[in-house]
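**Student:** Please find one structure pasted underneath; my questions will follow.
The values are calculated or read from the model by the stated rules, or taken from the named source; none is laboratory data. It should be emphasised that the depicted structure is a prediction, and the values quoted were computed from it without experimental measurement. Backbone-built Cβ (ideal geometry, glycine too); neighbour counts: all protein chains shown.
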Amino acid sequence: MKWAWNKFAMVLATGLLSVGTVAVGAPPNAPKAGAAPVMPRYRFENFTTANGLPDNHVYSVLVDGDRVWAGTDNGLGVYENGKWKIYNTQDGLAHRAVLTLALDKRTGDVWAGTMGGLSRVSGGRIDTYTQLNSGLSNDVVYGVSVEGENVWVATAAGACRLDLHTGQWSLYNERNTPMIEIWVYGVSATATKVYFAVWGSGLLEYDQRTGRWDKYEDPDGENEMVLFKDQGLIHEIVTSVSYVDNIVWAATYFGDSRYDGRYWHNFLTKDSGLPSNFTNFIKGIDANRAWFCTDKGLAYYDGVNWAVYRPSLTSGKPEMTVRDAKGNVTQVAVTTAPAHNYVLGIDFQGSDIWVATAKGLSHGILQR
Amino acid sequence: MKRRGHNRLRTAVVASLCGLGAALCGIGLWTGGRARADVNGRTGEILTYASPVEVLFSPDGTRLYVLCQGSAEVRVLDAASYAAIKSIAVGREPRGFSLSPDGTRLFVANSWDDTVSVIDTGSLEVAATWPVGAEPSSVVEDRESKYLFVANRISNDVAVLNAQTGAEEKRLAAGRGASYITPAPDGSRLYVTHVYPNFKARRTGMENRTPPEAEITVIDTAQAVVTDRIPLHSIAHGFHVAFSADGRLGVAAQLHPKNLVPLAHLEHSGAFADTLTLFGADVGKPVEIPLDELERYAVRPFGVAITADKSRIYVSCAGSEMVTVIDVQRLLRFIHTHQGPYAQDLSASANYVVARIAVGHDPRGIVLSRDGKLLVANRLEDTLSVIDTRSNVLSKTVPLAGPKQLSVLRHGEQTFYTARYSFQGQIGCANCHIDSTFDGLTWDLEPDGFGRDIVDNRLLEDIKDTEPYKWNGGNPNLPTECGPRTEKYFWRAENYDDLTLTDLVVYVRSIPLRPNRWRLPGYELTPAQDRGKALFTRTVDKFGNPIPERNRCSYCHSGPKGTSQKSFDVGTKKATDNSGLLDTPQLINVALTAPYLHDGSAATLEEIWTVFNPEDKHGRTNDLTKDELNDLIEYLRTR
């Protein structure tokens, strides 16, 4: 997957100035004045219950090589070799509603956060951890991230870490961190730093080397007006975080933020290509590029330009728009779109994307 | 030859013997530091036996490697003459070993040291010692010498090490009690078996009375990931696996407990089925087949070997002290022409078992030579049995160097592991106390009434001075527990003579304590353990109210072993229980012994308090936050 994105990055770097609807991977054309920048274009194939998805409400999606996992409102589906296999509570899944997924890349185990606990799917066996049978802080698990032997978990009552070697659970909440609210919506862990998206309590940073906590808050407080743009986190209600290449991408219900350790940059609909400030999920590709899953469509930001993929908010017809650095918006002719505007998750399979929406799972196949 | 811990054992023996009373003390007591032999010639002295558990041939067939658990060494013998070439010291309690595919390195899993010894087979020296997970029990290198896979019994995983440096790269989730790894003939897959049944998540609340589930974990050696798990329904304890040379037939040795019915019908084969699971292309879906026959039980099948021509399967049966021989063609014909299940059918094995060959005490690992010999490691006899596979006759018994005199402890251990004392030789103590530990199961014992007083099986380590025994505290001492009670309710046969019972009790009282893996070196506590200890010993709750003595953890679970040796009602009585008054269990290595509570109804330590302590009768805990409860559990794990 990484090689593909690297290639993608290289093409983008050389092709940013190219024009029209040339697909990613195509030879760069000479720039034409006034033309829209080249942004990736996809043909979307959508999965619903009609073709095997366990439920149309898809909270999360995870790609593991040729396998695609979908966390839905009624079970965990895995798509492989053209077929869906479904896991549900009778198989040991903690709860039917699977809110979040994470892959342990070393072992191939999949961790599923649900409305009733945390489950590990390993070689077809499901082990479940709940607030009653383990040290898990709460059964409502919004986020999970695997780093080394640690599984970091975001729950409705704080965050926690399971050390897979010792079995020890460590809980992080208002008693031992700067967390004021304990409704933790997301977590992104690396060997050096762990970031928590806390609903109403901003963004928390845990330094694994020093054991020190830091907190990033909206300089405007809980005010939904943005008085000081690019001065800090855009809002206290953080819904998702993605830490990649030493860059923090943070989503809120009131806009999104990028933080490089020194400078903040905020993204709002009024001055970016973001289709909505209400962002459910964010996933950085690298320091410059990220995907935004909003209530009004899926957005891609390449560091300069934006592309939005969705069924039209008015007609429902497939729609792709591209916004350049100057704010010029161009409509790109497409025949397919993600299954729904309400987008909840995304993951990457080579140059393709998989998108979790409120009404189905979408496979975006890059068009060249 | 002496080793560390002998002083402690010696003390244990002395104390044990003194505690049994004159009626049972037919053997000599310690006098002035010297032991004298009893009337049967057994000595009270602590002797270090070799205790061979596994055996291997070198790739060229000229050397024999014998893994000696008791003396903590690998003995190298000439494969033709069985003459000793060298003994190589390894770590404590080595449990498994294997050769690298090229035969240049011998890897040994040292289960008490949590290490792997790497022996250079050229120099016959230990070239390296690598740390691994908790209680490593077997070790296998892949064909490319890229990874070393180590099954860790306590951490329930398989560690993946860099085969050249020993650096651990990751751990794969295995089943509970991961212990034995066998590569497929083409090396592409590893098959891991487990000595304990898998954990069960609480769903209906009746998980303690549902059949055990175990698995064979299948690992892709190239990717070093778990690709499959072969479910073993109703199986609690798995041991070795063997494959036919063509890879089409896999055979796993295992124990199938019948713990959901009252243990009252040994005469009707009521305790265990000793079985094999067959899997692979030859059989299609996995099939469980029995080894037992009426009056000829194959107790605790352990080692498995299949002849190169796939004509015979050999299975060492530890409790029966024999090797069972199976005709493969007849076996396959049987399973393809008979509809199962037949795991408990005592008439089935007559269709394919063609011989039963008596060997030594507690036969464990077995290996076939190129020239048609089967070698058997008799752990509690310090011998190797050599069987001619053409005639299926014991052709020779090779003694290993070591003490020739039988000690009290050794005889007690033999008594613990043999099935010869039970009705028709069906079970032994070690059936429920796997490797002298526990079994992770609950049982319905007869004395309390059928369907009454379901009880969890408790750990035997370091149980000296934890009497009374039984969950209801009904047995005042071990001679009662191991003697008349066992005779009447378990063996249903004439029991031990007094001297044998004494030896058994000495052994049981001397079962040593495994190292606790949650304790830091020097017995320091982590911050979480330290906070947990404060909760364990507190006398005032978080609201400043005094906690009555009987509601303090440290009152009932007092003393170095975590038991006041008194009975209390902690509010866990079930409708099927005759009384709520229960003996306080010791806390020794409590982290290992799930499920918990007297009837195993708590699947985890957490559930003791999150589910089964609504009225604070099992300690004042409902004032604790979740993180405080986690701290308490972190402390308990150090006990």
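The rows are residues; the columns are (1) within 14 Å of chain A (Cβ to nearest Cβ); (2) part of a strand (DSSP E or B).
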site	(1), (2)
B:I216	yes, yes
B:Q223	yes, no
B:L232	yes, yes
B:I235	no, no
B:F239	no, yes
B:A242	no, yes
B:D246	no, no
B:N259	no, no
B:K285	no, yes
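**Student:** Please go through (1) over 20 Å from the mean Cα position of the chain (by Cα); (2) more than 12 Å from chain B (Cβ to nearest Cβ); (3) among the hydrophobic types (A, V, I, L, M, F, W, C); (4) crowded, with 24+ Cβ neighbours inside 10 Å for A:I180 and return the number of the only condition it doesn't satisfy.
**Tutor:** So the condition that A:I180 fails would be (4).
**Student:** For B:A127, are the conditions met, namely being modelled with pLDDT of 95 or more, surrounded by fewer than 16 Cβ atoms within 10 Å (Cβ to Cβ) and outside any strand (DSSP E or B)?
**Tutor:** Considered against the rule, which asks whether it is modelled with pLDDT of 95 or more, surrounded by fewer than 16 Cβ atoms within 10 Å (Cβ to Cβ) and outside any strand (DSSP E or B), B:A127 comes out as no.
**Student:** Further question on the same structure: For the stretch B:140-168, what are the residues that are within 18 Å of B:H240 (Cβ to Cβ), touching a Gly at 6+ places or on another chain (Cβ under 8 Å) and in a strand (DSSP E or B)?
**Tutor:** B:V150, B:A151, B:N152, listed by residue number.
**Student:** Criterion first (under 18 Å from A:D109 (Cα atoms), away from chain B (no Cβ under 14 Å) and free of Cβ contacts under 8 Å to residues at least 60 places away in the same chain) does A:T190 satisfy it?
**Tutor:** When the stated conditions are applied, A:T190 passes them.
**Student:** Hey, can you tell me all the residues within the stretch B:410-439 that are closer than 21 Å to B:G238 by Cα, in a helix (DSSP H, G or I) and in contact with a strand residue (DSSP E or B) (Cβ under 9 Å, 6 or more places away or on another chain)?
**Tutor:** Of everything in the stretch B:410-439, those that are closer than 21 Å to B:G238 by Cα, in a helix (DSSP H, G or I) and in contact with a strand residue (DSSP E or B) (Cβ under 9 Å, 6 or more places away or on another chain) turn out to be B:G425, B:N431, B:C432, B:I434, B:D435.
**Student:** Look through B:A534, B:A493 and report the one residue that is away from every other protein chain (no Cβ under 14 Å), aliphatic (A, V, I, L, M) and in a loop (DSSP other than H, G, I, E, B).
**Tutor:** On inspection, the qualifying residue turns out to be B:A493.
**Student:** Answer yes or no as to whether A:G303 is under 16 Å from A:S242 (Cα atoms) and over 15 Å from the mean Cα position of the chain (by Cα).
**Tutor:** Yes: the conditions hold for A:G303.
**Student:** For the stretch A:71-79, does any single residue satisfy the condition of being within 22 Å of A:I282 (Cα to Cα), in contact (Cβ under 8 Å) with a residue 24 or more places away in the chain and of a type in the set (D, E, K, R)?
**Tutor:** The answer is yes; a qualifying residue exists.
**Student:** I want to confirm something. Restricting to the stretch B:499-529 and keeping residues that are within 14 Å of chain A (Cβ to nearest Cβ) and in contact (Cβ under 8 Å) with a residue 24 or more places away in the chain, which single residue is surrounded by the most Cβ atoms within 10 Å (Cβ to Cβ)?
**Tutor:** Ranking the qualifying residues of the stretch B:499-529, first place goes to B:Q529.
**Student:** Okay, moving on. Could you list, in sequence order, the residues of the stretch B:210-258 that are over 22 Å from B:P197 (Cβ atoms), in contact with a Pro (Cβ under 6 Å, 6 or more places away or on another chain) and either free of Cβ contacts under 8 Å to residues at least 60 places away in the same chain or surrounded by 21 or more Cβ atoms within 10 Å (Cβ to Cβ) (or both)?
**Tutor:** Answer for the stretch B:210-258, where residues must be over 22 Å from B:P197 (Cβ atoms), in contact with a Pro (Cβ under 6 Å, 6 or more places away or on another chain) and either free of Cβ contacts under 8 Å to residues at least 60 places away in the same chain or surrounded by 21 or more Cβ atoms within 10 Å (Cβ to Cβ) (or both): just B:F243.
**Student:** Provide a single number: the residues in the stretch B:589-625 that are within 18 Å of B:R550 (Cα to Cα), within 14 Å of chain A (Cβ to nearest Cβ), assigned to a loop (DSSP other than H, G, I, E, B) and not aliphatic (A, V, I, L, M).
**Tutor:** So the answer is 5.
**Student:** I would also like to ask the following. Can you find even one residue in the stretch B:340-353 that is of a type outside the set (S, T, N, Q) and at positive phi?
**Tutor:** no
**Student:** Let me ask something additional. Can you name every one of the strands (runs of 3 or more DSSP E) wholly within the stretch A:285-339 that holds 1 or more residues which are surrounded by 21 or more Cβ atoms within 10 Å (Cβ to Cβ)?
**Tutor:** Filter on the stretch A:285-339 gives A:290-294, A:297-301, A:306-311, A:318-323.
**Student:** Tell me which residues, restricted to the stretch A:120-147, are under 21 Å from the mean Cα position of the chain (by Cα) and either facing chain B (nearest Cβ under 9 Å) or among the basic types (K, R) (or both).
**Tutor:** Within the stretch A:120-147, just A:R120 meets the criteria.
**Student:** Which condition from (1) assigned to a loop (DSSP other than H, G, I, E, B); (2) facing chain A (nearest Cβ under 9 Å); (3) surrounded by fewer than 20 Cβ atoms within 10 Å (Cβ to Cβ) is the one that B:G187 breaks?
**Tutor:** (2)
**Student:** Can you tell which of B:F107, B:F57, B:F149 is more than 17 Å from the chain's Cα centre (by Cα) and within 14 Å of chain A (Cβ to nearest Cβ)?
**Tutor:** Unique residue meeting the criteria: B:F149.
**Student:** Against the conditions (1) touching a Cys at 6+ places or on another chain (Cβ under 7 Å); (2) in a strand (DSSP E or B), where does B:L582 fall short? Just the number, please.
**Tutor:** (1)
**Student:** Every residue in the stretch A:148-160 that is crowded, with 23+ Cβ neighbours inside 10 Å and either away from chain B (no Cβ under 11 Å) or not small (G, A, S) (or both), please.
**Tutor:** Once the filter is applied, which keeps residues that are crowded, with 23+ Cβ neighbours inside 10 Å and either away from chain B (no Cβ under 11 Å) or not small (G, A, S) (or both), the stretch A:148-160 yields A:V151, A:W152, A:V153, A:A154, A:T155, A:A159, A:C160.
**Student:** Taking into account only those residues within the stretch B:357-371 that are at pLDDT 95 or above and part of a loop (DSSP other than H, G, I, E, B), which is farthest from B:T418 (Cα to Cα)?
**Tutor:** B:S369
**Student:** Name the single residue that is surrounded by the fewest Cβ atoms within 10 Å (Cβ to Cβ) among those in the stretch A:94-112 being among the charged types (D, E, K, R) and within 11 Å of another protein chain (Cβ to nearest Cβ).
**Tutor:** Once the filter is applied, the top-ranked residue is A:K105.
Conditions tested, residue by residue: (1) among the hydrophobic types (A, V, I, L, M, F, W, C); (2) touching a Ser or Thr at 6+ places or on another chain (Cβ under 9 Å); (3) in contact (Cβ under 8 Å) with a residue 24 or more places away in the chain.
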site: B:E293; (1), (2), (3): no, yes, yes
site: B:R296; (1), (2), (3): no, yes, yes
site: B:F302; (1), (2), (3): yes, yes, yes
site: B:I313; (1), (2), (3): yes, yes, yes
site: B:E321; (1), (2), (3): no, yes, yes
site: B:T324; (1), (2), (3): no, yes, yes
site: B:G340; (1), (2), (3): no, no, yes
site: B:A348; (1), (2), (3): yes, no, yes
site: B:V353; (1), (2), (3): yes, yes, yes
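**Student:** Considering the stretch B:194-214 alone, what residues qualify as being under 20 Å from the mean Cα position of the chain (by Cα), hydrophobic (A, V, I, L, M, F, W, C) and away from every other protein chain (no Cβ under 13 Å)?
**Tutor:** B:V195
**Student:** Another question, if that's okay. Pick from the stretch A:183-201 the residues that are under 15 Å from A:R161 (Cα atoms) and among the hydroxyl-bearing types (S, T, Y): which of them is farthest from the chain's Cα centre (by Cα)?
**Tutor:** The extreme case among them is A:T192.
**Student:** Go through (1) farther than 21 Å from A:G158 by Cβ; (2) more than 11 Å from chain B (Cβ to nearest Cβ); (3) surrounded by fewer than 22 Cβ atoms within 10 Å (Cβ to Cβ) for A:M115 and report which single condition fails.
**Tutor:** Result: A:M115 passes all but (1).
**Student:** Applying the selection to the stretch A:115-142, what residues are part of a strand (DSSP E or B) and of a type in the set (A, V, I, L, M, F, W, C)?
**Tutor:** A:L118, A:V121, A:I126, A:V141
**Student:** Okay, next question. Can you pull out the residues in the stretch B:562-588 that are buried (at least 19 other Cβ atoms within 10 Å of the Cβ) and either of a type outside the set (S, T, N, Q) or within 14 Å of another protein chain (Cβ to nearest Cβ) (or both)?
**Tutor:** B:G562, B:V570, B:D577, B:L582, B:D583, B:P585, B:L587, B:I588
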